[in-house]
Protein chains: 2
Amino acid sequence: MSEDNVVYVGNKEVMSYVLAVTTQFNEGSDEVVIKARGRAISTAVDTAEVVRNRFLEDVEVEDIKISTETLENKEGGESNVSSMEIYLKRGN
Amino acid sequence: MSEDNVVYVGNKEVMSYVLAVTTQFNEGSDEVVIKARGRAISTAVDTAEVVRNRFLEDVEVEDIKISTETLENKEGGESNVSSMEIYLKRGN
């Protein structure tokens, strides 16, 4: 799930991603990026909000980026999916 | 669905919101705000991306804000829900 300071959000419960993000910060990261695609984007926003409101109140949203990725689907064709990156940073 | 230059995203198809946003821009708005809560946040991102990539390529994402709203649920209790605002602006 983690690669350096990136947490990829999929279909698990919000709390498993909240744990992953808080662990990254507690292990010394100053910045953690939450990445998600498609339906998981809502879970990524939930994760950022729960981390900030209930666990690490000094963490701020530094930036949010959205984009479109083209994926190859099972039939070999291509389909577009929205993706989002939420940059969380430890406040000074 | 629209209030000045705001488009509220709910459970409809993405294209109905894409139409609402493009109509706002075509009627002369320079900025349109897409607002959504909870699961509809993913649809809001899809809407912004489809508008920018397939309909109005000069429209840019000016800002994205996330927050938590406390809502009263049917039993009279309170529950938190994530919300998002995507600020789209016509490029110069």
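With loop defined by DSSP as not H, G, I, E or B, and exposure as at most 15 other Cβ atoms within 10 Å, which is the longest segment of chain B clear of exposed GluC sites (Glu not before Pro)? Of all site-free stretches, the longest is B:28-56. Using the rule -39500 (n - 2.57) for each DSSP H run of four or more residues, divided by the residues of chain B, the 222 nm mean residue ellipticity is -8000 deg cm²/dmol. Sorted fewest first by neighbouring Cβ atoms within 10 angstrom, B:55, B:25 come out as B:55, B:25.
Hey, got a sec? Which trypsin sites (Lys or Arg not before Pro) in region A:1-84 land in a DSSP loop and have at most 11 other Cβ atoms within 10 Å? Numbers along the way, then the final one.
Values: sites: A:12, A:35, A:37, A:39, A:52, A:54, A:65, A:74; in loops: A:12, A:39, A:74.
Sparse-neighbourhood loop trypsin sites (Lys or Arg not before Pro): A:74.
For chain B, a Gaussian network of Cα nodes joined below 10 Å ranks B:29, B:82, B:67 by mean-square fluctuation, and the top entry is B:67. Given a Förster distance of 25 Å, report the FRET efficiency between residue A:15 and residue A:65 from their Cβ-Cβ distance, rounded to the nearest 0.05. Taking R0 as 25 Å, the efficiency between residue A:15 and residue A:65 is 0.55. Summarising the label geometry, the points placed 7 Å from Cα in the beta-carbon direction at residue A:85 and residue A:8 lie 1.5 nm from one another.
Residues whose amide H falls under 5 Å from that of residue B:5, counting only those 5 or more places apart or on a different chain, are absent, with hydrogens built in the peptide plane. When both region B:1-77 and region A:1-70 are represented by their alpha-carbon centers, they are found 22 Å apart.
Here the Kirkwood formula puts the hydrodynamic radius of chain B at 13.5 Å, using every distinct Cα pair. Placing a label point 7 Å from the Cα of residue A:73 along the Cα-to-Cβ direction, the distances to the matching points in the other copies come to 3.5 nm, shortest first.
Read-outs throughout are calculated quantities, based only on the coordinates presented, and are distinct from any laboratory measurement. Computed from a prediction, not measured in an experiment: that's the story for all the values here. Note that each Cβ is placed from the backbone with ideal geometry, even for glycine, and that neighbours are counted across all protein chains shown.
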